[in-house]
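Trainee: Quick one: structure below, then a few questions.
The values are calculated or read from the model by the stated rules, or taken from the named source; none is laboratory data. All figures in this text were calculated on a predicted structure; none of them were measured in a lab. Positions of Cβ are backbone-derived with ideal geometry, glycine not excepted, and every protein chain shown enters the neighbour counts.
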Amino acid sequence: MILKKYKKSIAEYLDVDANQISLYWRGRVGLYCILKALDIQPGDEVILPAFTCVVVPSAIKYLGAAPIYTSIDPTTYNIDVHQIENKITAKTKIILAQNTFGLSSDLDPILEIANKYNLKVIEDCAHGFGGSYKGRKNGTSATAAFFSSQWNKPFSTGIGGIVLWNEKESLHKINALEKQLSSPTFKDEQMLALQIFIRKNILTPSIYWNALKLYRWASQKGLISGSSDAGELDSAKMPSGYLKTGAKIQAKVGLNKIGSFQSNLEHRKKLASLYSEAFKQLNISPVFQPDYAVHTFTKYPFLVKNQIQFLELAQKNNIPLGDWMNSPIHPIQDNYHLWDLAIKYFPLETKIGKHIINLPTDTSISEEEAFRIINFLKRNKSFLISNWQDI
Ligand SMILES: Cc1ncc(COP(=O)(O)O)c(C=O)c1O
């Protein structure tokens, strides 16, 4: 059966047993199932970085638990390890360690804190499939991890979620949960297959901005499976049809892509090194690459003085830029209280969100296209901010 074969190929890539892998319609469903399998109850607290995607606190809140937002280190965009202990209470159960833009959190000190207070660590590897921490593959160090194979991720099956469970004694719980979920419907499978076809055959960088507008409109209308389903951005209530396992079409696409995944990562590294070199020439801090991790460069972030104007300029020049993490709970811009976020305590994360832009690194961007993007940056260098202290 194709899903079993897909699990085996992911397990081989991660050097783990196939029964440690379970598959979901999206990464967020994987996170929800991990929390459930860890027996998270109403009132329990989950520590997470205040620089994430809104679907992360949503998954926590669907279980009645509380997201406890924590400041980030602005050089890594990951949780500030020194802030974690201040957030621990008698109700804390989990620390979520995110791989923002593909860079692993500094896991060893986080695991040490978790050990000291008897907490579990979950790795949010939504951006980090293929990266590593101190030679350990992302996802293999904590109790459990989830990966996203959504559009724009280094390993994409249209949309999709993969869970890696590392704690042997509780493995049966996640596997039992996966069995309880329903499979995607025939229509889900067909719609996703159509979207994958369109993206592969029709979408090129030259129509990026028009395609993005159409994509956002269609996903808000619930016509396609976009970054978020209709309703997910309006409240922290679980949308109908949320709890689904992996689809056959995801397995088929994933099996086709796993063989070329390493060269995809090399391409991203190559483009990232071109961007870093250009930023250094412009006296702008390049993306921080600590010794402890191998970055996947799912996106290449930098800061600008005026995000809206810069994106407009990019659109006019047909430069495919993005604004991932435009808020502490991307892409939410108001009603933060619905996700229990007291925004006033996170001025730095909010500011970074308002100034961040990201460059593409995916295989649709040739080196020639990367140089066109670099020339655009050079022509508009007056917009660039040299580092986060200057925001
Ligand atoms: C940091 C982070 N975690 C989790 C997710 C959820 O992944 P998915 O879209 O596969 O549900 C995302 C989505 O992009 C994300 O950015």
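Trainee: All but one of (1) at pLDDT 95 or above; (2) closer than 30 Å to residue 340 by Cβ; (3) basic (Lys, Arg) hold for residue 216; state the number of the condition that does not hold.
Mentor: So residue 216 meets the others, but not (1).
Trainee: Moving to a separate point now. Could you check how many residues of the range 146-175 are of a type in the set (A, V, I, L, M) and away from the ligand (no atom under 16 Å from the Cβ)? It would help to see each step written out before you state the result.
Mentor: Going through the range 146-175, the residues of a type in the set (A, V, I, L, M) turn out to be 159, 162-164, 171, 174.
Remaining after also requiring away from the ligand (no atom under 16 Å from the Cβ): 171, 174.
Summing the residues that are of a type in the set (A, V, I, L, M) and away from the ligand (no atom under 16 Å from the Cβ) in the range 146-175 gives 2.
Trainee: Same structure, new question: So is residue 143 β-branched (Val, Ile, Thr) and within 16 Å of the ligand (Cβ to nearest atom) or not?
Mentor: So residue 143 fails the test.
Trainee: If you take just the helices (runs of 4 or more DSSP H) that sit entirely in the range 1-110, which of them hold at least 3 residues that are touching a strand residue (DSSP E or B) at 6+ places or on another chain (Cβ under 8 Å), within 16 Å of the ligand (Cβ to nearest atom) and not polar (S, T, N, Q)? If you could, list the steps in order and put the result at the bottom.
Mentor: Details: elements: 2-14, 27-37, 55-62, 81-87.
Helices (runs of 4 or more DSSP H) meeting the threshold: 27-37, 55-62.
Trainee: It is to be established whether one or more residues within the range 240-249 are more than 29 Å from residue 339 (Cβ to Cβ) and of a type outside the set (D, E, K, R). Step through it out loud before you land on a result.
Mentor: Taking the range 240-249 as the starting set, the residues that turn out to be more than 29 Å from residue 339 (Cβ to Cβ) are 248-249.
Restricting the remaining residues to those that are of a type outside the set (D, E, K, R) gives 249.
Yes, that holds for at least one residue.
Trainee: Tell me yes or no: at least one residue of the range 241-260 is touching an Asp or Glu at 6+ places or on another chain (Cβ under 9 Å) and at pLDDT below 95.
Mentor: yes
Let's see how each residue does on (1) over 14 Å from the mean Cα position of the chain (by Cα); (2) at pLDDT 95 or above; (3) crowded, with 17+ Cβ neighbours inside 10 Å:
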position	(1), (2), (3)
114	yes, yes, yes
119	yes, yes, yes
125	no, yes, yes
131	no, yes, yes
136	yes, yes, no
172	yes, yes, no
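Trainee: Please go through the range 180-199 and pick out each residue that is among the aliphatic types (A, V, I, L, M) and either in a helix (DSSP H, G or I) or closer than 13 Å to residue 223 by Cβ (or both).
Mentor: Within the range 180-199, the first condition is being among the aliphatic types (A, V, I, L, M), and the residues that meet it are 181, 191-194, 196, 198.
Of everything in the range 180-199, those that are among the aliphatic types (A, V, I, L, M) and either in a helix (DSSP H, G or I) or closer than 13 Å to residue 223 by Cβ (or both) turn out to be 191, 192, 193, 194, 196, 198.
Trainee: While we're on this one: Under 16 Å from residue 275 (Cα atoms) and modelled with pLDDT of 95 or more: is that true of residue 350 in this structure? Give the steps one after another, and end with the answer.
Mentor: Working: under 16 Å from residue 275 (Cα atoms): no; modelled with pLDDT of 95 or more: yes.
So residue 350 fails the test.
Trainee: Considering only the range 275-285, I want to know if a residue exists there that is in a loop (DSSP other than H, G, I, E, B), β-branched (Val, Ile, Thr), more than 26 Å from residue 30 (Cβ to Cβ) and touching a strand residue (DSSP E or B) at 6+ places or on another chain (Cβ under 7 Å).
Mentor: yes
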